[in-house]
Amino acid sequence: QVRLVESGGDLVQPGGSLRLSCEASGSASTIAQMGWYRQPPGRQREVVAMFHGGGATILANSVKDRFTISRDRAKNTVDLQMNSLKPEDTAVYYCNAYYEGRTFWGQGTQVTVSS
């Protein structure tokens, strides 16, 4: 059973930056596919950034040039650096992992972009 714990969510002004971190525990080896989703108020959950199991890195069009995803394979951690934040980035951000045929989710961390 993989457990994902997120941290870093906060209230930030438009144009500001935040860094989200996710740490996975409970896996016996490197988790190939890890990344971030978000769920804005009243909307469906959507992918933000992902290290795909096949090796590709996915970044949503709405965050390209502003967000960067990074990882430490040895530690099974994945970070999301978010710059030039906009009010429309307000959402609960969820860490996601796919491991041994199962999908795992963190509990979510709130990011609010508001002046």
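The values are calculated or read from the model by the stated rules, or taken from the named source; none is laboratory data. None of the values given here were measured: they were computed from a predicted structure. With ideal geometry, Cβ positions are generated from the backbone for all residues, glycine too; neighbour counts draw on all protein chains shown. Note: areas computed on protein heavy atoms with side chains; ligands, DNA, RNA excluded. Shrake-Rupley method; radii C 1.70, N 1.55, O 1.52, S 1.80 Å.
In this structure, does GLY42 turn out to be more than 10 Å from the chain's Cα centre (by Cα), outside any strand (DSSP E or B) and modelled with pLDDT under 95? I'd like the intermediate steps shown before the answer.
Working: more than 10 Å from the chain's Cα centre (by Cα): yes; outside any strand (DSSP E or B): yes; modelled with pLDDT under 95: no.
Spelling it out, it is not the case that GLY42 is more than 10 Å from the chain's Cα centre (by Cα), outside any strand (DSSP E or B) and modelled with pLDDT under 95.
What pairs can you find where one residue is in segment 99-113 and under 15 Å from SER25 (Cβ atoms), the other is surrounded by fewer than 18 Cβ atoms within 10 Å (Cβ to Cβ), and their Cβ atoms are less than 6 Å apart, with a gap of 6+ or different chains?
Close Cβ pairs satisfying both conditions: TYR99/SER27.
What tally of residues in segment 65-95 results from selecting those that are assigned to a helix (DSSP H, G or I) and either open to solvent by less than 50 Å² (accessible area, probe 1.4 Å) or within 19 Å of SER7 (Cβ to Cβ) (or both)? I'd like the intermediate steps shown before the answer.
Of segment 65-95, the ones assigned to a helix (DSSP H, G or I) are 87-89.
Still in the list and also either open to solvent by less than 50 Å² (accessible area, probe 1.4 Å) or within 19 Å of SER7 (Cβ to Cβ) (or both): 89.
Residues in segment 65-95 being assigned to a helix (DSSP H, G or I) and either open to solvent by less than 50 Å² (accessible area, probe 1.4 Å) or within 19 Å of SER7 (Cβ to Cβ) (or both): 1 in total.
Yes or no: GLY54 among the small types (Gly, Ala, Ser) and within 18 Å of MET82 (Cβ to Cβ)? Talk me through it step by step, then tell me what you get.
Values: among the small types (Gly, Ala, Ser): yes; within 18 Å of MET82 (Cβ to Cβ): no.
Considered against the rule, which asks whether it is among the small types (Gly, Ala, Ser) and within 18 Å of MET82 (Cβ to Cβ), GLY54 comes out as no.
Please specify each residue of segment 11-39 satisfying the condition of being assigned to a loop (DSSP other than H, G, I, E, B), within 17 Å of the chain's Cα centre (by Cα) and surrounded by 14 or more Cβ atoms within 10 Å (Cβ to Cβ).
Let us first name the residues in segment 11-39 that are assigned to a loop (DSSP other than H, G, I, E, B), namely 13-17, 26-32.
From the residues that got through so far, the ones that are within 17 Å of the chain's Cα centre (by Cα) too are 17, 31-32.
Scanning segment 11-39 gives ILE31, ALA32.
Scan segment 45-61 for residues that are hydroxyl-bearing (Ser, Thr, Tyr) and modelled with pLDDT of 95 or more and jot them down.
Residues satisfying the conditions do not exist here.
Can you confirm whether VAL113 is among the β-branched types (Val, Ile, Thr) and touching a Ser or Thr at 6+ places or on another chain (Cβ under 8 Å)? Don't jump to the end; show me each part of the working.
Working: among the β-branched types (Val, Ile, Thr): yes; touching a Ser or Thr at 6+ places or on another chain (Cβ under 8 Å): yes.
Yes: the conditions hold for VAL113.
Can you work out which of the residues in segment 49-64 that are in contact with a strand residue (DSSP E or B) (Cβ under 9 Å, 6 or more places away or on another chain) and surrounded by fewer than 17 Cβ atoms within 10 Å (Cβ to Cβ) is farthest from THR77 (Cα to Cα)?
Step one: of segment 49-64, the residues in contact with a strand residue (DSSP E or B) (Cβ under 9 Å, 6 or more places away or on another chain) are 49-54, 56-60, 62-63.
Filter once more, keeping what is surrounded by fewer than 17 Cβ atoms within 10 Å (Cβ to Cβ): 52-54, 56-58, 60, 62.
Numbers: HIS52: 14, GLY53: 15, GLY54: 18, ALA56: 17, THR57: 15, ILE58: 17, ALA60: 20, SER62: 23 Å.
My answer is SER62.
Hey, GLY101 hits all of (1) at pLDDT 95 or above; (2) out of contact with any Ser or Thr (no Cβ under 9 Å at 6 or more places or on another chain) but one; which does it fall short on?
Among (1) at pLDDT 95 or above; (2) out of contact with any Ser or Thr (no Cβ under 9 Å at 6 or more places or on another chain), GLY101 violates only (1).
Report whether or not GLN39 is out of contact with any Leu (no Cβ under 9 Å at 6 or more places or on another chain) and farther than 20 Å from THR77 by Cα. Full working, then the answer.
Values: out of contact with any Leu (no Cβ under 9 Å at 6 or more places or on another chain): yes; farther than 20 Å from THR77 by Cα: yes.
Yes: the conditions hold for GLN39.
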